[in-house]
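Step one of this worksheet: look at the structure below.
Computed from the coordinates by the stated procedures, all read-outs in this text should not be read as laboratory data. Bear in mind the structure is a predicted one, so any value in this text is a computation, not a measurement. As a convention, Cβ positions derive from the backbone with ideal geometry for all residues, glycine included, and neighbour counts pool all protein chains shown.
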Amino acid sequence: MKDLYDVMQLLKRYGTIVYTADFISDLDLMESDIRELYDHDFITPREFASALMILRQKRTEYEKKGKS
């Protein structure tokens, strides 16, 4: 997994499409769904770690952009 699009495609594979018109809320929902998939052994530890890293990176980028 390389970017947010890949995380969204992973979620889509399991029937989840997230769009609330609030980017931070979208990231929170995606993280929650990723955790659920991992907790129920639908995704590998590697996919889980990559997805969380990407979501946290996007959150940080968004928050920095908002402060400048």
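The set of residues in segment 5-22 that are hydrophobic (A, V, I, L, M, F, W, C) and surrounded by 13 or more Cβ atoms within 10 Å (Cβ to Cβ) comprises Val7, Met8, Leu10, Leu11, Val18. Can you tell me which residues in segment 6-54 are over 26 Å from Gly66 (Cβ atoms), in contact with a helix residue (DSSP H, G or I) (Cβ under 7 Å, 6 or more places away or on another chain) and of a type in the set (D, E, K, R)? If the condition is that a residue be over 26 Å from Gly66 (Cβ atoms), in contact with a helix residue (DSSP H, G or I) (Cβ under 7 Å, 6 or more places away or on another chain) and of a type in the set (D, E, K, R), then Glu47 is the only one that fits. Restrict the check to segment 18-28 and report whether at least one residue is within 14 Å of the chain's Cα centre (by Cα), in contact (Cβ under 8 Å) with a residue 24 or more places away in the chain and part of a loop (DSSP other than H, G, I, E, B). So far as segment 18-28 goes, no, none of its residues is within 14 Å of the chain's Cα centre (by Cα), in contact (Cβ under 8 Å) with a residue 24 or more places away in the chain and part of a loop (DSSP other than H, G, I, E, B). Among the residues of segment 37-68, those that are part of a helix (DSSP H, G or I) and within 16 Å of Thr16 (Cβ to Cβ) comprise Leu37, Tyr38, Asp39, Glu47, Phe48, Ala51, Leu52, Ile54, Leu55.
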